[in-house]
Amino acid sequence: MRFSCNRCNRTWPDHPVTRVPCPTCQAPAGRWCRRPSGHRAADLHVDRERAALAAGVLEMCEGPKRVNRAIGPMLR
Ligand SMILES: [Zn+2]
Ligand SMILES: [Zn+2]
């Protein structure tokens with residue numbers, strides 16, 4: 001499953017944020033975030049996004065600056 005940044009159109013073979021474990025829901029690297037119920041979460045947790053940035057697996061998006069988010073490769 002490929003992911004793409006909706007700001008700069010960069011694509012990844014997997015979501016870069018999933019390369020680090022999630023500090024919020026304890027999902028291991030390579031697995032999508034999960035809800036307390038155990039179902040797949042609709043979105044990755046924000047703290048995981050920050051952890052990916054800190055680990056260097058996620059770069060700041062270089063796309064259009066008009067979008068207010070600091071981090072690019074989320075899906076919306
Ligand atoms: Zn981007
Ligand atoms: Zn999570």
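Any read-out appearing in this document is the output of simple, stated calculations on the displayed coordinates, not a laboratory observation. As the structure is a computational prediction, the values presented were derived from the model and not from experiment. As a convention, Cβ positions derive from the backbone with ideal geometry for all residues, glycine included, and neighbour counts pool all protein chains shown.
Worth pointing out:
- Amide H contacts under 5 Å for Arg34: Ala27, Ala41, restricted to partners 5 or more places along the chain or on a different chain, H placed in the peptide plane at 1.01 Å from N.
- The amide H of Phe3, built 1.01 Å from its N in the peptide plane, has Trp12, Asp14 as neighbours under 5 Å, considering only residues 5 or more places off or on other chains.
- The H on the amide N of Val20, modeled in the peptide plane, is under 5 Å from the matching H of Gly30, each at least 5 residues off or on a different chain.
- Karplus-derived 3J(HN,Hα) values for the range 18-30, using 6.51 cos²θ - 1.76 cosθ + 1.60 with θ = phi - 60°, are 6, 7, 10, x, 8, x, 8, 10, 6, 5, x, 4, x Hz; glycine and proline are entered as x.
- Annotation: extensible slack from Ala29 through Asn9 equals 4.8 nm (criterion: 0.36 nm per residue apart, minus Cα-Cα distance).
- FRET efficiency, 1/(1 + (r/R0)^6) with R0 25 Å, evaluated for Arg19 and His39 via beta carbons: 0.70
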